[in-house]
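What follows is a single structure, written as structure tokens, with notes after it.
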Amino acid sequence: MRTRRDSIRPVLLGVILIVLVQVLGAFASPSAEQGVTDSEIALGMFAPLTGFLAPTGTPARDGAMVWISEVNARGGIYGRRIRLIAYDDAGSPTEAVAAVRRLLSQDHVFALVCGSASGPTLAAMDLIRETGVPFVSCITAHRGLFQPFSRNVFRIYANEIAQGRGLIDYVAGKKGQKRIAILYNSTDFGIGGYEIMSAYLKEKYRLDFVAAERYNVGDQDFSAQSLRIRQANPDSVILHAFAAEAGVIARQVRQLGILTPMYGGGGVPTPLFPRAAGNVGVGMVAVWVFPVFPESDAPPVEAYKKKALQYLFQSGFPVGRPSLYDMTGYIGADVTGEGVRRAGRNLTREGFIRALETLRDYVPGGGLGFPVTFSPKNHEGTDIVIMARLNGHLEWDVLPPE
């Protein structure tokens, strides 16, 4: 005689079998990876879209969207369209962590692209390392991004160490300046740049800065620092500052009779510097990390502008755009896309990471960036920096190698 338990047992076994088949099928499916379906790849972005850092994050998002629109118009990658989910961190470390957590746990993105400024990005790095989500960084140049080295993190332009050393090699090396002064801001960007340049100046050229003055972001009066620099009798002055403030500083330095050559860190060569400095900024030489300027008519820039106007800005560019951050967003998305393409149809995070590590002298963005090379032990895509000079038309020109 069959019992009730005997009749239930086949049903339970059937249910268990169905569940096992579904689970095993999910693992075997080419689209089983988080953020990947047969028709779509979801990418996540956290960036300052509001606040005083919005001029970095909003253009980077837009640049990424131009690339995504272009790729989707061609049918995607292996038939999968790209979808970007972007959250505003407002330049806040706390908000950046919350945004990354949401992108991973709620939106289930496949990878992160671009990221935020240094403070917010570094705050989110523990979570990014723990989860192993691939991250192609395109905004922060901070030296600590790879401390410790992370297999899932990549960068697409020269970091602040390469920038600082490149500037010192130009000023102390090529120009032979011996009495160098520096004025830098009190942010991590300013302090980090000063420490990098100070150590390298001593190590390679056996020199110390004759004066090193600090100011706070938002200051408008730099006369006290400038007077102390003048007393040190420098033969050159480095302004490691954000562009608009560097322009104000340059004006005040000249007004106090300091007529020595001025050089700028990586934050200086944007249109904001001449807007603030005016004609006194002519001749300023600053370090630059791309082969072209977004304000130029170089072929890669013209090609980007054409795409941006077609896909995103049909009514014309916003004032001051495209900027260098439009370029970084486009480059970051392009490098991400190349990794996806090389990883093949059966897309996984591990396959994507390994695919990025095969990039050798890959020219991103059609020439907007310097060639990118990754390896299993080095995810800094390039250390190439060049110098640029502000010309008499108050525009930046790339200086040819000397």
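The values are calculated or read from the model by the stated rules, or taken from the named source; none is laboratory data. Just so you know, these numbers come straight off a predicted model, no measurement behind them. For neighbour counting, all protein chains shown are included, and Cβ atoms are generated from backbone atoms with ideal geometry for every residue, glycine included. Keep in mind that these areas ignore ligands, DNA and RNA; they rest on the heavy atoms of the full protein, side chains included. Shrake-Rupley method; radii C 1.70, N 1.55, O 1.52, S 1.80 Å.
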Original post:
Hey, with R₀ at 45 Å, roughly what FRET efficiency would Gln34 and Leu309 work out to, going by the Cβ-Cβ distance, to 0.05?
Top reply: 0.85
**OP:** Report the relative contact order of the range 59-120, percent, no decimals, based on alpha-carbon pairs under 8 angstrom and at least 6 residues apart.
**Re:** 30 percent
**OP:** Grab the other residues whose beta carbon is less than 14 angstrom from that of Ala243, score K and R as +1, D and E as -1, and report the net.
**Re:** -1
Subject >> Crossing angle, helix 299-311 versus the chain [Cα axis fit, 0-90 degrees, rounded to tens] >> reply: 50 degrees
Subject >> Gained length - Gln220 relative to Lys174, 0.36 nm times residue gap less alpha-carbon distance >> reply: 13.3 nm
**OP:** Figure the gain on full extension for Ser105 and Gln147 (residue separation times 0.36 nm, minus the Cα-Cα span) and round it to one decimal in nm.
**Re:** 12.6 nm
Original post:
What does the charge add up to near Val282, with Lys and Arg as +1, Asp and Glu as -1, over the other residues with Cβ less than 14 Å from its Cβ?
Top reply: +2
Original post:
Just how much of Asp219 is accessible, in Å², when a 1.4 Å probe is used and the result is rounded to the nearest 10?
Top reply: 50 Å²
Original post:
So if R0 is 35 Å, what FRET efficiency would Asp361 and Gln231 give, r being the distance between their Cβ atoms, rounded to the nearest 0.05?
Top reply: 0.15
Original post:
Cα-based count: Lys pairs in the chain below 21 Å, eight or more positions apart or different chains?
Top reply: 6
Original post:
Computed from these coordinates, which is Rg/Rh (Cα atoms, Kirkwood Rh): (1) 0.94; (2) 0.96; (3) 1.09?
Top reply: (3)
**OP:** Just subtract the alpha-carbon distance of Leu127 and Ile384 from 0.36 nm times their residue separation and send over the number in nm, one decimal.
**Re:** 89.6 nm
Original post:
Carbon and sulfur together cover what percent of the accessible area of the range 59-183 at a 1.4 Å probe radius?
Top reply: 47 percent
**OP:** Note down the net charge around Ala308, summing +1 for each Lys or Arg and -1 for each Asp or Glu among other residues with Cβ under 13 Å from its Cβ.
**Re:** +1
Original post:
Considering only the chain, what is the antiparallel percent among its DSSP beta bridges, to the nearest 5?
Top reply: 25 percent
Subject >> Whole-number percent relative contact order across the chain, with pairs defined as alpha carbons under 8 Å at least 6 apart >> reply: 18 percent
Subject >> the chain - mean residue ellipticity at 222 nm from DSSP helices (-39,500 (n - 2.57) per run, n ≥ 4, rounded to 500) >> reply: -13500 deg cm²/dmol
**OP:** Take peptides 57-64, 222-229, 261-268 and line them up by average Cβ neighbours within 10 Å, highest first, as a rough protection proxy.
**Re:** 57-64, 261-268, 222-229
Subject >> Per residue solvent-accessible surface (Å²) - the range 39-92, probe of 1.4 Å >> reply: 35 Å²
**OP:** Quickly rank 326-333, 102-109, 138-145, 40-47 as a protection proxy: mean count of other C-beta atoms within 10 Å, highest first.
**Re:** 326-333, 40-47, 138-145, 102-109
